[in-house]
Structure formats: C-alpha cells, structure tokens
Amino acid sequence: MKYFIQTYGCQMNYSDSERITTVLEKMGYEKTDGFQDADLILLNTCSVKQKAEDRIYGLGEQFAPLKEQNPNLKIGITGCMIRKESGIRGEVKHEVFDIMPTIDFVFRIKDLMQLPEILHKLHHVGGADDIKNLCSYFHINPTITNLAQVFIPISNGCNNFCSYCIVPYARGREECRDIAEILDEVEKVAKRGAKEINLVGQNVSTYNASDADLHLKESHFAQLLRKIDAVEGVDRIRFYTVHPKDMTNDVINLFGELKSMVPHIHLPLQSGSESVLKRMNRLYTPDRFRELVRKLRSRMPNISISTDIIVGFCGETEKEFMESCNLIRELKIDLIYVSKYSERKGTLAEKTMKDDVPLDAKKERFFRITELMKNISHDYNQQFKGRKVKILVERINKGYADGKIPEFKMARFKADDPKLIGKYVNIKVDKAMEWCLEGEPIPPATL
Ligand code: SAM
Ligand code: SF4
C-alpha cells in the first residue's frame with residue numbers, strides 16, 4: 001500500500017513528518033509522490049493563520065472522487081489543527097469530521113505512537129508494534145532524506161501565550177527532549193554527511209530551563225550548542241526560534257566563539273511598537289531588541305538578522321505600524337517573514353481585543369514593509385558582489401543549484417547534477433539581487 005504525506009507550516013511540522021514516515025514505512029507502506037495513487041493520505045497541518053486551516057477544508061472536495069476511484073483510500077489529519085483527541089471517525093469527535101466527510105481519522109502528533117493501532121483498524125495492517133510502547137514520539141527515529149536540510153526538534157509546545165498565538169493551545173506546554181537523545185540524532189546525521197544542523201522549538205532559549213538554574217554558569221541551551229558544535233562533521237548550526245525576552249548573553253557570546261555559529265540569527269520582533277508589543281504580551285520592548293542586536297553585532301559585525309512581523313494586529317495605528325518600519329530600517333533587518341494578523345479562536349486577543357484593522361489596511365502595510373525589506377536586503381547583498389561565498393546546495397531547480405550561504409542568503413549557480421545536493425560549492429558572486437546571489441563556481445566545484 002502506498003502513502004502520501006502533505007506537510008504545511010513550519011520546520012517543526014517538516015520534522016514531525018519525518019517521524020511519521022518512519023512509522024508508516026515500518027508498517028510496510030511505500031511512499032508515493034501525489035494524492036492520485038495513494039491508499040493513505042496524511043495532511044500534517046498548520047493552524048497559525050485561519051487561511052492555513054481554510055486551505056485544508058478546501059481539499060475536501062478533491063478527495064471525494066479519489067475515494068470513489070479507490071475505496072481502500074483512507075485519509076487522516078494531524079498537526080496543529082488536531083488538539084484534543086486522536087482516533088477514527090465515530091470513535092472521537094472533531095469538527096473536521098463534520099466539515100470534511102472524506103476524513104477517516106485524526107491524531108495529535110504527540111499521539112504518533114497510536115498511529116499503527118489506528119491504521120490497523122482501517123487498513124488491517126500490522127507492524128511497528130515496538131512503536132506503541134515508546135513514551136514519547138521523539139523516541140521515533142526520523143527518516144531524513146535531505147541531508148542538506150536537517151531539522152532537529154529540541155522541544156515541543158510553548159509556555160508563552162503571546163496574545164495572538166494558537167501554538168500553546170495547539171501543541172500544549174513546552175516539553176524538552178533529553179540532551180543525550182538530541183546529540184545521538186545529531187551524531188547519526190553528521191555521520192551520514194549532514195553539515196548544517198537546524199535546531200527547532202518554539203522558544204529554544206528556554207531549553208530545559210528552570211528557576212533552579214540561576215546559579216548555572218551557562219544556560220542549558222548554550223551547553224547544548226557547545227556539545228553540538230563539538231560533533232564531528234557539524235559546521236553550521238542554526239536555531240528557530242529564540243524569543244527576544246529569553247535570549248541570554250551566554251548564547252550571544254557563542255557567536256564568534258564556536259566554529260559552527262553562522263553569521264545569522266532569526267530573532268522574531270513581531271512589532272517595533274512598545275504599545276503593540278504590550279498588547280501582544282511579548283514581554284520585551286523595542287529597546288531590549290535594539291540591545292540584543294547591538295550585542296550580536298559587537299560579536300559579529302556582519303551578522304544577518306531575520307525576523308517575523310505581524311501587521312494589522314488589534315488596534316495597530318498608522319503611527320504604531322511606522323514604529324515597526326522605523327526599527328527595521330534602523331537595525332537593517334534584511335529578511336522579514338511578514339504576516340497579516342489573523343484572529344485565532346481561543347487566544348487572548350480573540351477574547352479581549354478587536355480585530356479592527358481593515359483587511360485593505362493590513363494588505364497595504366504588508367506591501368509597504370515588504371518593499372522596505374527588499375531595499376534593505378538589496379543593499380545588504382551588495383557586499384557579496386565580487387566575493388567568494390560558500391553554498392550548501394539544497395536542490396537542483398530549473399537549471400540552477402541553489403542553497404544557503406552562512407548568512408542565510410539564497411545563492412545559486414548553473415548546474416543540473418543532483419549529486420551536488422548536500423555538498424559545499426564555492427562561487428564568485430557576480431549578481432546580488434534582493435532575494436538571491438548568483439555566480440560561477442570556483443574550481444574545484446565541490447569541497
Ligand atoms: N515562537 C516564535 C516566536 O516567538 O516568535 C513564533 C512561532 S509562530 C508559529 C510563527 C510566526 O507566525 C510568528 O512569529 C508570527 O509572526 C506568526 N503568527 C503567529 N500567530 C499569528 C496570527 N494569529 N496572525 C498572524 N501571524 C501569526
Ligand atoms: Fe506563539 Fe509566542 Fe509561543 Fe512563539 S513564543 S509559539 S509566538 S506563544
């Protein structure tokens with residue numbers, strides 16, 4: 001029998017799909033590349049914005065003819081849309097069963113160990129008996145297929161309750177993985193040739209943190225970074241996401257000290273306005289953010305800083321929006337993931353504030369801040385013109401090999417050999433555009 005997993009949303013979901021793959025393959029399912037010939041379709045969903053949920057509901061109609069063609073087809077949903085229970089239609093209640101008559105089962109990602117039992121009921125398949133006795137889904141080894149993009153979760157869930165955010169409700173409270181288990185996973189992928197490790201968690205800076213840690217010389221997260229840096233073969237570490245309120249000096253000091261700390265950090269600002277940050281319950285001020293950037297630049301003057309911004313949050317005035325633009329300009333943030341505020345049921349903002357910025361104003365602010373970022377990014381990228389940069393090739397696409405340089409910029413060169421994926425290639429940059437650098441490989445092509 002064949003399976004197809006469609007993954008939406010963040011790196012955490014991509015990493016979760018790699019564990020789901022392991023379970024399915026242990027049960028004897030074989031991967032296929034589309035809905036059409038699958039006997040099992042799994043949607044690993046995101047619910048950070050309403051649009052992401054609506055996209056899933058919109059798939060319902062496509063599934064009906066597929067089920068007619070293949071009566072054996074079973075369809076399940078996991079990820080952030082599934083919050084309460086796991087099970088098959090009729091056994092558990094979930095609104096997706098009402099909205100999408102073609103869905104057969106749902107499971108919370110935390111309950112991945114129950115997936116073999118669910119599939120046994122639906123497809124009468126056996127296997128993966130060892131899975132059900134594991135006490136955490138993190139104990140399931142991921143099936144990593146792209147060694148150029150390895151995402152390793154260090155925690156799941158979040159304790160922060162930013163007023164707009166569904167994650168603490170969707171994924172529950174923060175649970176951290178055992179350090180030995182993380183290191184074991186890093187060592188395994190490094191032995192297979194992975195060079196860049198991306199650590200994922202909603203707030204990596206509070207990894208294993210507790211009040212009793214105040215006496216510690218170094219936070220548990222800083223200790224984890226040191227240990228990963230020491231693993232043979234690892235020479236780039238990135239992490240997503242560190243909350244600005246919890247970013248500590250010991251982690252900042254590792255930039256410039258550890259060989260694998262790249263000149264890039266993703267530091268989500270959300271808004272440059274003190275009053276909006278307060279309404280968002282972010283618990284830091286624009287000045288705190290400025291201070292973090294100043295310290296990071298004192299360690300690495302050319303560090304590239306990417307961020308997340310929400311435009312049109314409840315009550316955001318033109319003046320407050322301009323405070324975001326001004327801070328971005330002042331700090332020369334060169335990559336912004338911009339989102340239009342989307343009200344999520346059950347969050348503090350939904351319960352206590354009005355989603356009162358008209359959609360047209362949200363769209364207009366989205367456009368203006370994106371234009372601002374394009375200009376900053378274009379200027380930042382000019383420094384690479386004529387210089388040698390080292391790309392970790394991620395894919396071959398339309399006649400180009402592309403991947404990231406340490407500064408998190410996409411760079412590309414003309415090539416069509418898939419064997420380059422996962423390899424380093426040096427290029428001399430002759431074009432520096434806002435989204436991408438381009439150039440010719442410097443022989444030898446691979447290092
Ligand atoms: N933990 C990260 C942090 O502290 O910023 C963010 C994780 S969140 C899943 C990813 C991004 O989605 C956020 O940074 C935010 O910009 C965006 N986001 C979350 N909730 C949103 C909402 N209700 N409307 C629009 N964007 C939202
Ligand atoms: Fe959501 Fe805030 Fe937690 Fe990030 S830190 S996942 S934005 S609640």
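The values are calculated or read from the model by the stated rules, or taken from the named source; none is laboratory data. Given the structure is predicted, the values throughout are model-derived calculations rather than measurements. All Cβ positions, glycine included, derive from the backbone under ideal geometry; neighbour counts span all protein chains shown.
Counting just the residues of the range 249-295 that are surrounded by fewer than 22 Cβ atoms within 10 Å (Cβ to Cβ) and aromatic (Phe, Trp, Tyr), which one comes out nearest to ligand 2 (Cβ to nearest atom)?
My answer is Tyr284.
Among the residues of the range 125-161, write down those that are outside any loop (DSSP other than H, G, I, E, B) and at pLDDT 85 or above.
Tyr137, Phe138, His139, Val150, Phe151, Ile152, Pro153, Ser155, Asn156
Quick one: in the range 144-163, of everything that is of a type in the set (Gly, Ala, Ser) and touching a Gly at 6+ places or on another chain (Cβ under 8 Å), which residue is farthest from ligand 2 (Cβ to nearest atom)?
Checking each candidate, the answer is Ala148.
Hey, can you tell me all the residues within the range 371-419 that are of a type in the set (Phe, Trp, Tyr) and not in a strand (DSSP E or B)?
Selection gives Tyr380, Phe384, Phe408.
Is there a residue being of a type in the set (Val, Ile, Thr) and exposed (fewer than 15 other Cβ atoms within 10 Å of the Cβ) anywhere in the range 137-147?
Scanning the range 137-147, I find at least one residue that is of a type in the set (Val, Ile, Thr) and exposed (fewer than 15 other Cβ atoms within 10 Å of the Cβ), so the answer is yes.
I'd like to verify a number: residues in the range 64-95 that are within 28 Å of the chain's Cα centre (by Cα) and touching a residue at least 40 places away in the same chain (Cβ under 8 Å), how many?
Total meeting the criteria: 7.
Taking the options Ser219, Ser205, name whichever one is buried (at least 17 other Cβ atoms within 10 Å of the Cβ), within 16 Å of ligand 2 (Cβ to nearest atom) and under 22 Å from Tyr284 (Cβ atoms).
Ser205
Looking only at the range 328-339, decide whether some residue is closer than 23 Å to Ser47 by Cα, in a helix (DSSP H, G or I) and within 16 Å of ligand 2 (Cβ to nearest atom).
no
Considering the range 96-121 alone, what residues qualify as being touching a residue at least 60 places away in the same chain (Cβ under 8 Å) and either among the small types (Gly, Ala, Ser) or more than 17 Å from Glu53 (Cα to Cα) (or both)?
Lys110, Leu112, Leu115, Pro116, Leu119
Kindly indicate the residue of the range 246-274 that is of a type in the set (Val, Ile, Thr) and assigned to a loop (DSSP other than H, G, I, E, B) and also nearest to Ser163 (Cα to Cα) among those meeting that condition.
So the residue we want is Thr248.
Could you please find all residues in the range 44-60 being more than 11 Å from ligand 1 (Cβ to nearest atom), assigned to a loop (DSSP other than H, G, I, E, B) and either touching a helix residue (DSSP H, G or I) at 6+ places or on another chain (Cβ under 9 Å) or aliphatic (A, V, I, L, M) (or both)?
Leu59
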